[in-house]
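See below for the structure under consideration.
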């Protein structure tokens, strides 16, 4: 039991450091010091930093898997907003993964391939989502338009954190966007295709987040 608690402490400490400072800036010695354990104790549980990243990536994959699996069942804009909100929460919780994708691919190619595979799964899910919305009459889009819309949705969700880093900060803009606001901005990609009957929910979200 003590070993399990120590392993979990290492993982939570690593996740916080990776998210805050970036994967490249955090060594196993830094993790051990922050966790209040010896480097040898950390090495006993995770013999390399790559193993820590692998465990955290697995948790990120597990967090996204049910969202991808349910994407083809979304048939209303409020369900779409909720799904996007949950996705942004997951991405924010493990934000180092997409933000540091180039470094992961360079330093840990096998893990980089897994992140690429995860993005591919998200593309398939987004395509199923757009097709489901079209079938339900929520959006009016040709198959080609639905394919491009799916690509735009995945591009936005995976690149959001990198975009945030480049936006000048002000009192009106928080350090990180609220997942609900990020979900709303992503939902506006669907706006040109939304049927008249479904547009009221977009208007509701616009008032909620842009007032």
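Rule-based calculations on the coordinates, nothing more; no lab input. Predicted model only: the values in this text are computed from it and were never measured. FYI the Cβ positions are ideal-geometry reconstructions off the backbone, even for glycines, and counts take in every protein chain you see.
Computed from the C-beta positions of residue 124 and residue 33, the FRET efficiency with R₀ = 30 Å rounds to 0.10.
Comparing Cα centroids, the stretch 1-59 and the stretch 104-133 end up 25 angstrom apart. For 178, 100, the sequence from fewest to most other C-beta atoms within 10 Å is 178, 100. Computed FRET efficiency, Cβ-Cβ of residue 76 and residue 191, R0 25 Å: what is it to the nearest 0.05? E(calc), rounded to 0.05, equals 0.95.
Adding -39500 (n - 2.57) for every DSSP H run of four residues or longer, then dividing by how many residues the chain holds, sets the calculated 222 nm ellipticity at -24000 deg cm²/dmol.
Counting neighbouring Cβ atoms within 10 Å and putting the fewest first, the residues 9, 208 line up as 208, 9.
Between 103, 185, 44, the GNM of the chain built on Cα springs shorter than 10 angstrom shows 44 fluctuating the most. Counting 0.36 nm for each residue step from residue 152 to residue 167 and taking away their Cα separation leaves a gain of 3.4 nm.
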